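Novice: Mind looking over this structure? Questions follow.
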Amino acid sequence: MSAPERLDHFMARANAAYYARENPFRDFTTSPEIFQGFGEILGAWVAMVWQSMGRPTQFILAEAGPGQGTLMTDALRLLSRVAPDCRAAHRLHLVETSPRLRAIQAGKLPHATWHDRIEDLPDAPFILIANEFLDALPIRQFIRQGSKWLERHVQEGRFFDLPASCPTLSRASTTSDGTILEINEPAEAITTHLATRLQTHPGAVLFIDYGPEKSAPGDSLQALHHGQPANPLENPGTADLTAHVDFAALSAIARTAGTTVHGPVTQGRFLTVLGLPARAQALARTRPPREAAAIVQSARRLTTPEAMGTLFKVLALCHPALPPPPGFEP
Ligand code: SAH
């Protein structure tokens, strides 16, 4: 029998194998793949933030986990049309570990430079966007048993709990028996790193992901295989493993590191304030009726509470001198 493996180590190994080998977009779909208006709206957001940064003649436009490169392709097309100066100023940097997805991204965004880690991005004014990136990073899970915390490990497709030692456990607001606590250490390290960069460079970070507004205990680990929930502990590398993003924890970390935090707001509110429904209507008017209805339907999927409008949240971290970015005004 193999030795128990800590859950985050298991999840990192499983997702690295999964993104390297499989076509993730057969198992799940993401906002930019649902409607082109998503990337276009984010392109407009980038242009407005770039304005508020004082229109630097060069800046890093970065995306973490760009998938098939769809979001950035849509964003750059929008910039060409409405903000050519911003488009001319951008230097595109993509953070992607999967060689398979890098090749797909290179087909659409040949002028990009690739990095394995956010920490490797060059030091300069920057705007970074990450959609459904943090949820794929490995989490640690702890379970309360009596007066102790145990850390969840994986062995032969099942959980195996061992005595825990982790300083962040002191954050726990509840210690009742059976409570499950999740910690996404890479997401916390990335947030600290970006917040520190924002001390020295004008810029902004936009995280879009799913998770509650307030930290909530519980097991949110899930696996999707061909659109269906699967057992996350079985057959590592064959399904996409994700967990809810703890926006409250990341906000607190960013504030402590001295950056300004806006949100989280719901994806529905963010996209609606920035004009996604109007964009859908405008596009629909140029298409035959059946296609037009599909466009409006796709846009609704991104904004309605029953679909992705409420579960998905948007969080911005900004250089302290920047005004609240679009979509976060009080
Ligand atoms: N943002 C895209 C794709 C989301 S899927 C979209 O919205 O469609 C998650 C993406 O993050 C994939 O591109 C995956 O290869 C990448 N990824 C996952 N873990 C990563 C890691 N540790 N470092 C860098 N990229 C990672």
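Novice: Would you mind telling me which numbered condition in (1) open to solvent by less than 60 Å² (accessible area, probe 1.4 Å); (2) within 16 Å of the ligand (Cβ to nearest atom); (3) not in a loop (DSSP other than H, G, I, E, B) ALA103 fails?
Specialist: (1)
Novice: OK, next. With the condition kept exactly as written, say whether any residue in region 52-62 is at pLDDT 95 or above, farther than 24 Å from THR113 by Cβ and either in contact with a Lys or Arg (Cβ under 7 Å, 6 or more places away or on another chain) or assigned to a helix (DSSP H, G or I) (or both).
Specialist: Within region 52-62 (the criterion being at pLDDT 95 or above, farther than 24 Å from THR113 by Cβ and either in contact with a Lys or Arg (Cβ under 7 Å, 6 or more places away or on another chain) or assigned to a helix (DSSP H, G or I) (or both)), the answer is yes, since at least one residue qualifies.
Novice: Please go through region 24-55 and pick out each residue that is exposed (fewer than 15 other Cβ atoms within 10 Å of the Cβ), free of Cβ contacts under 8 Å to residues at least 40 places away in the same chain and more than 10 Å from the ligand (Cβ to nearest atom).
Specialist: Matches in region 24-55: GLN51, ARG55.
Novice: So which residues in region 1-29 are under 30 Å from ALA294 (Cβ atoms) and modelled with pLDDT of 95 or more, if there are any at all?
Specialist: Listed by number, the list is empty, since nothing qualifies.
Novice: Follow-up question, since we're still on this one. Picking from HIS193, HIS153, which residue would you name as being at pLDDT 90 or above and part of a strand (DSSP E or B)?
Specialist: Details: HIS193 fails: part of a strand (DSSP E or B).
Answer to the check: HIS153.
Novice: Examine region 270-286 for a residue that is in a loop (DSSP other than H, G, I, E, B) and over 27 Å from PRO202 (Cβ atoms), and state whether such a residue exists. I'd like the intermediate steps shown before the answer.
Specialist: Taking region 270-286 as the starting set, the residues that turn out to be in a loop (DSSP other than H, G, I, E, B) are 274-275, 286.
Remaining after also requiring over 27 Å from PRO202 (Cβ atoms): 286.
Yes, that holds for at least one residue.
Novice: Another question, if that's okay. Test each condition in (1) under 19 Å from the mean Cα position of the chain (by Cα); (2) assigned to a loop (DSSP other than H, G, I, E, B) for ALA252 and report the one that comes out false.
Specialist: (2)
Novice: For region 266-315, which positions are touching a Lys or Arg at 6+ places or on another chain (Cβ under 7 Å) and closer than 20 Å to ASP246 by Cβ?
Specialist: THR266, GLN267, MET308
Novice: Would region 101-117 turn up any residue that is closer than 26 Å to THR266 by Cα and modelled with pLDDT of 95 or more? Give the derivation first.
Specialist: Filtering region 101-117 for residues closer than 26 Å to THR266 by Cα gives none.
No, region 101-117 has no match at all.
Novice: List the residue pairs whose Cβ atoms are under 7 Å apart, where the first residue sits in region 129-145 and is of a type outside the set (D, E, K, R) and open to solvent by 30 Å² or more (accessible area, probe 1.4 Å), the second is near the ligand (Cβ under 8 Å from one of its atoms) and assigned to a strand (DSSP E or B), and the two are 6 or more positions apart or on different chains.
Specialist: PHE133/ALA64
Novice: Oh, and also: Since ASP240 meets every condition but one in (1) open to solvent by less than 50 Å² (accessible area, probe 1.4 Å); (2) over 15 Å from the mean Cα position of the chain (by Cα), which condition does it not meet?
Specialist: Against the list (1) open to solvent by less than 50 Å² (accessible area, probe 1.4 Å); (2) over 15 Å from the mean Cα position of the chain (by Cα), ASP240 comes up short only on (2).
Novice: Now, a different point. Kindly list the number of the only condition in (1) more than 23 Å from the chain's Cα centre (by Cα); (2) buried (at least 19 other Cβ atoms within 10 Å of the Cβ) that fails for PRO289.
Specialist: (2)
Novice: Taking into account only those residues within region 106-143 that are assigned to a loop (DSSP other than H, G, I, E, B) and within 9 Å of the ligand (Cβ to nearest atom), which is nearest to ASP27 (Cα to Cα)?
Specialist: Going through region 106-143, the residues assigned to a loop (DSSP other than H, G, I, E, B) turn out to be 109-112, 116-117, 121-125, 132-133, 137-139.
This time we only want the ones that are within 9 Å of the ligand (Cβ to nearest atom), so: 116-117, 132-133, 137-138.
Values: ASP116: 23, ARG117: 25, GLU132: 14, PHE133: 16, LEU137: 17, PRO138: 19 Å.
The extreme case among them is GLU132.
The values are calculated or read from the model by the stated rules, or taken from the named source; none is laboratory data. Note that the coordinates shown come from a computational prediction; the quantities given were computed from them, not determined experimentally. All Cβ positions, even for glycine, are placed from backbone atoms using ideal geometry, and neighbour counts span all protein chains on display. Calculation scope for accessible area: heavy atoms of the full protein, side chains included, ligands and nucleic acids excluded. Shrake-Rupley method; radii C 1.70, N 1.55, O 1.52, S 1.80 Å.
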